[in-house]
Amino acid sequence: MLRRHPTPALAVALSLLAAVVYSNALPGSFHFDDSHSIENNPAIRSLSNAPRFFTDATTFSVLPQNQTYRPLLSLTYALNADLFGVRAGPFVALNLLLHALCAVGVMLAVKRVRPVLGLPSEGPVDWVAVLAAALFAVHPLFSECVSYVSARSESLSSGLTLAALLLYLEGREAAG
């Protein structure tokens with residue numbers, strides 16, 4: 001099973017690549033929706049509100065027109081606030097980490113999907129998977145997911161979708 005997966009060194013290299021490309025976002029600031037969903041949102045100031053994130057849409061935003069049900073996103077905001085306070089830098093850093101994890105997920109998914117499509121990987125490293133993940137890691141399209149804290153929802157959605165795909169493929173393979 002481990003032979004199918006890229007080495008941890010490739011995952012670290014992809015993460016470092018994303019970190020180098022997007023490191024200029026780290027001293028950034030909050031923007032747009034960040035004010036009502038993070039900066040001015042008292043609900044994310046305490047992890048004791050976490051259960052409410054799953055039952056009360058008013059915990060997402062201080063603006064009634066923007067109150068929506070996004071419990072996992074709110075939970076990540078609360079964890080960020082609890083660990084580092086409500087400062088933009090640590091929020092952006094977590095966005096960058098999530099983006100790097102998504103890039104690793106792309107590499108794993110491409111590596112797993114190629115044989116399913118009848119396109120075998122060649123050699124000990126699947127360079128198609130590595131290239132796809134590297135392009136994902138550095139593409140400017142994803143700068144919003146890193147530098148705009150409220151766009152964290154996009155990385156969470158991508159990451160969970162990639163995880164679901166990988167679990168499906170694993171189950172499909174295990175079923176024979």
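The values are calculated or read from the model by the stated rules, or taken from the named source; none is laboratory data. Keep in mind the model is a prediction, meaning the values are calculated, not measured. Glycine gets a Cβ as well: all are built from the backbone with ideal geometry, and neighbour counts include every protein chain shown. All accessible areas refer to the heavy atoms of the entire protein, side chains included, with ligands and DNA or RNA removed. Shrake-Rupley method; radii C 1.70, N 1.55, O 1.52, S 1.80 Å.
Of note:
- Calculated accessible area for the chain comes out at 54 Å² per residue, all protein chains present (probe 1.4 Å; ligands, DNA, RNA ignored).
- Using a Förster distance of 41 Å, the FRET efficiency for E173-L47 (Cβ separation, nearest 0.05): 0.60
- Of the accessible area of the chain, computed with a 1.4 Å probe over protein heavy atoms only, carbon and sulfur atoms account for 68 percent.
- Couplings 3J(HN,Hα) for region 93-101, derived from phi with the Karplus relation 6.51 cos²θ - 1.76 cosθ + 1.60 (θ = phi - 60°), are 4, 5, 4, 5, 4, 4, 5, 5, 5 Hz, where x marks Gly and Pro.
- Two-decimal Rg/Rh across region 44-127, once Rg and the Kirkwood Rh are taken from alpha-carbon atoms: 1.21
- Computed [θ] at 222 nm, deg cm²/dmol, the chain (DSSP H ≥ 4; -39,500 (n - 2.57); rounded to nearest 500): -19000 deg cm²/dmol
- The Rg/Rh ratio of region 53-97, with Rg taken over Cα atoms and Rh as the Kirkwood radius over Cα pairs, comes to 1.01.
- Phi angles across region 58-68 convert, under the Karplus curve 6.51 cos²θ - 1.76 cosθ + 1.60 with θ = phi - 60°, into 3J(HN,Hα) values of 5, 6, 7, 8, 7, 8, x, 6, 10, 6, 8 Hz, Gly and Pro given as x.
- Nearest-ten-degree value, helix 8-22 long axis tilted from longest Cα axis of the chain: 50
- Separation of alpha-carbon centers, region 1-75 and region 96-172, rounded to whole Å: 18
- Estimated translational diffusion coefficient (Stokes-Einstein, Kirkwood radius over Cα pairs, 10 °C, 1.306 mPa s) of region 103-176: 119 µm² per second.
- Taken along its three principal axes, the alpha carbon spread of the chain comes to 52, 38, 26 Å, from the longest extent down to the shortest.
- Per-residue 3J(HN,Hα) values for region 75-86, derived from phi via the Karplus relation 6.51 cos²θ - 1.76 cosθ + 1.60 with θ = phi - 60°, read 4, 5, 4, 5, 5, 4, 5, 5, 7, 10, x, 8 Hz in sequence order (x marks Gly and Pro).
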